[in-house]
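Visitor: Quick one: structure below, then a few questions.
Bear in mind that the values in this text are calculations on the coordinates, not laboratory data. Computed from a predicted model, the values in this text were never measured in an experiment. Because the Cβ atoms are built from the backbone with ideal geometry, glycine has one as well, and the counts that use them run over all protein chains shown.
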Amino acid sequence: MVNRDVKLEVTLLTDSTPLAGKTIHFYHKIAGAGEWTSDGTNDTDNDGYAYKTLSLTIPQSYDFKAEFEGDDSYDASQDTEMDYRVKGKTTLTLTVTPQ
């Protein structure tokens, strides 16, 4: 089994203003599967940015989801990325040898 790290990144805004200190929930599943797997949470920074790094089996297609549950001041929101293909990383090395 080969794994590859992927970084999920979100930005939480109200109008155009970043929301800091808000908890974002991250999820993934194999594309088309029924159950989401929780990948935990991370709080937004001063720029409204939060991230989570996952190590996933490759090659495989995944669905990803991030959620803000809302609070007393702001509505809940979520976003998804569906059927994202995670492939193995490659390195190509070219060697030139004078003859």
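Visitor: Give just the number: which of (1) touching a strand residue (DSSP E or B) at 6+ places or on another chain (Cβ under 6 Å); (2) surrounded by 15 or more Cβ atoms within 10 Å (Cβ to Cβ); (3) not aromatic (Phe, Trp, Tyr) does Pro18 not satisfy?
Guide: (1)
Visitor: Further, regarding this structure: Restricting region 81-96 to residues that are without any contact (Cβ under 8 Å) to a residue 40 or more places away in the chain and exposed (fewer than 12 other Cβ atoms within 10 Å of the Cβ), which is nearest to Trp36 (Cα to Cα)?
Guide: The residue in question is Arg85.
Visitor: State all residues of region 21-49 that are of a type in the set (D, E, K, R) and surrounded by 10 or more Cβ atoms within 10 Å (Cβ to Cβ); if no residue qualifies, say none.
Guide: Of region 21-49, the ones of a type in the set (D, E, K, R) are 22, 29, 35, 39, 43, 45, 47.
Lys22, Lys29, Asp39, Asp43, Asp45, Asp47, listed by residue number.
Visitor: Right, next: Quick one: is Glu67 more than 26 Å from Met1 (Cβ to Cβ) and assigned to a strand (DSSP E or B)?
Guide: Judged against the criteria, Glu67 is a match.
Visitor: Same structure again: Which condition breaks for Tyr62 when tested against (1) surrounded by 13 or more Cβ atoms within 10 Å (Cβ to Cβ); (2) in a loop (DSSP other than H, G, I, E, B)?
Guide: (2)
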